[in-house]
Amino acid sequence: MDTRKFIKIIAAGALSVSAAGLFSACTEEPKAARFHGVDITGVDYAKDLPLTDQFGQQRHIRDFAGKVVVVFFGYTHCPDVCPTTMAEMAQVKQELGADGDRLQTIFVTVDPERDTPEILKAYMENFDPSFLALRGTPEELAAVAKDFKIYYKQVPGPTPTSYTMDHSAGSYVFDTAGHLRLFQRYGAGAQAMVEDVRALLAQTARG
């Protein structure tokens, strides 16, 4: 074969491959985000939080449109899991920088008997003043816990008021449209949550 003709064929083939690659890159669907938390997108539970915050305001998930919402169930007398989780969430907000204002942390008490609004106010202020603490009557709490598939049980102590609470550990993460997206296991660490929140905020920016 003539050398010039051979070179033309090779060049034409390379151009064709390059154009095909460019077309593929332009039409490719964006890759799905890879999360550290358990992706539970589309589940049919944890639909709302119709409880009252520490300031006496009735709350619902829809109140936080435009923000990523992290919901944790615990109680203020908790010796380890609860304060650790709240401290990590304060760290998450700080590490997000300007995007920290697009994150709402919500603490739902499973001990409304002892966790009064005044106690919840003080507890949240220990971590971040923007954090909200929700409480309800025993009946309201039971309904919300059932909807979120949360376990909690009072464990008697040496005196009637020194009991502890067994409860599920882990956080639910809602996207900016109020859809439940992730379950973050306790112990995953602040950095994992930072990256997942950023991923959800980025999805909002693309959308």
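The values are calculated or read from the model by the stated rules, or taken from the named source; none is laboratory data. Treat the numbers as computed from the prediction; the structure is a model and nothing was measured. A quick note on method: Cβ atoms are made from the backbone with ideal geometry, for glycine too, and the neighbour counts reach across all protein chains shown.
Checking the condition surrounded by fewer than 19 Cβ atoms within 10 Å (Cβ to Cβ) and within 15 Å of V38 (Cα to Cα), which residue from A122, A192, A177, A145 passes?
Numbers: A122 fails: within 15 Å of V38 (Cα to Cα); A177 fails: within 15 Å of V38 (Cα to Cα); A145 fails: within 15 Å of V38 (Cα to Cα).
One residue alone meets the criteria, A192.
For the stretch 129-166, name all the residues that are of a type in the set (D, E, K, R) and under 18 Å from V81 (Cβ atoms).
Listed by number, the residues that qualify are K149, K153, D166.
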Subject >> Hits in the stretch 115-136 - residues which are of a type outside the set (D, E, K, R), closer than 11 Å to F55 by Cβ and part of a helix (DSSP H, G or I) >> reply: P117, L120, M124
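Do you know which of the residues in the stretch 162-207 that are assigned to a strand (DSSP E or B) and polar (S, T, N, Q) is farthest from the chain's Cα centre (by Cα)?
Restricting attention to the stretch 162-207, the residues satisfying the condition of being assigned to a strand (DSSP E or B) are 164-167, 170-174, 180-185.
Next, only the ones that are polar (S, T, N, Q) stay: 164, 171, 184.
Numbers: T164: 26, S171: 6, Q184: 7 Å.
Among those residues, the one meeting the criterion is T164.
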Original post:
Any idea which of (1) closer than 13 Å to V144 by Cβ; (2) at pLDDT below 95 is the one F73 doesn't satisfy?
Top reply: (2)
Original post:
Taking the stretch 32-60 only, how many residues are within 22 Å of A199 (Cα to Cα), surrounded by 11 or more Cβ atoms within 10 Å (Cβ to Cβ) and of a type in the set (D, E, K, R)?
Top reply: 2
Original post:
In the stretch 102-114, which residues are over 14 Å from the mean Cα position of the chain (by Cα) and of a type outside the set (A, V, I, L, M, F, W, C)?
Top reply: T109, D111, P112, E113, R114
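Given T84, T52, which one is in a strand (DSSP E or B) and either in the same structural domain as E140 (by TED's automatic domain parsing) or closer than 12 Å to S130 by Cβ (or both)? Write out each step before concluding.
Numbers: T84 fails: in a strand (DSSP E or B).
Checking each option against the conditions leaves just T52.
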